[in-house]
Amino acid sequence: MVSKKVLKLLNEQVALEGESSQIYLAMATWADVNGFRGTAAFMYRQAEEERGHMQKFIKFINDLTEHAEIGGIKEPKADYKDIEEVFRAALEHEELITAAIAKIFTTARENNDYAVTSFLKWFIDEQVEEEAAVKRVLDIIRMAGKVSIYLADKEIGALHGGK
Ligand code: FEO
């Protein structure tokens, strides 16, 4: 049993995680066709991870004996100026996801939905890692400077599991 308010937020998060996956897939294909193979590899991995996050929310909602909703997903932005713009957009998006998860956690706590607060702990930790990973990439880009952008892209590609 979960409160209606929290269930609504959980279903919205299914759509948000699906949207994250599509955003990163669009970033990956942009990077792929523009010669940034490391960034493409990073973003293809991120897209897979986000799909996994979406599925975790779906399974959790269904395990609560509710019925997870699979909402439509907005078409993601297809073009970027450079890889810095890609990762700045990724960081902005992750900050939005962190805020959305915090909102579900707070609402669940207010409604005594303890199964939900327990479930969300993994996501709270995951968001710390994801934001740190994107900030690390932005550091690499900043330090590499424009002449070494190729080397920066290579290093991004070598980061393990997109982290
Ligand atoms: Fe599933 Fe990157 O938030």
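Taken together, the values in this text are just the output of simple stated rules run on the coordinates, not laboratory data. Here the structure is a predicted model, which is why all the values come from computation and not from measurement. Cβ placement follows ideal geometry from the backbone for every residue including glycine, while neighbour counts extend to all protein chains displayed.
Post the alpha-carbon centroid distance, the stretch 94-150 to the stretch 5-77, in whole angstrom.
For the stretch 94-150 versus the stretch 5-77, the Cα centre distance is 14 Å.
If you project the alpha carbons of the stretch 4-159 onto the principal axes, what extent comes out on each, in Å, largest first?
54, 26, 21
Report, in listed order, any pair from 5/103; 8/103; 8/59; 74/121; 4/59 with a Cα-Cα distance greater than 19 Å.
Numbers: 5/103 11 Å; 8/103 12 Å; 8/59 15 Å; 74/121 27 Å; 4/59 17 Å.
74/121, as the Cα separations exceed 19 Å there.
Which of the helices in the chain meet the span-like rule: DSSP H, Cα axial reach of 30 Å or more, Kyte-Doolittle mean at least 0.5?
none
Net charge near residue 109: determine it from the other residues with C-beta under 14 Å of the C-beta of residue 109, scoring Lys and Arg +1 and Asp and Glu -1.
Residues close to residue 109 contribute a combined charge of +1.
Within the stretch 92-158, list the chymotrypsin sites (Phe, Trp or Tyr not before Pro) lying in a DSSP loop whose Cβ has at most 16 other Cβ atoms in a 10 Å radius.
For chymotrypsin sites (Phe, Trp or Tyr not before Pro) across the stretch 92-158 that sit outside H, G, I, E and B with at most 16 neighbouring Cβ atoms in 10 Å, the list is empty.
Within a Cβ distance under 12 Å of residue 56, other residues only, what is the Lys/Arg minus Asp/Glu net charge?
Neighbour charge sum, excluding residue 56 itself: -3.
Cα to Cα, under 18 Å, and not fewer than 8 places away if on the same chain: which lysines meet these conditions relative to residue 77?
none
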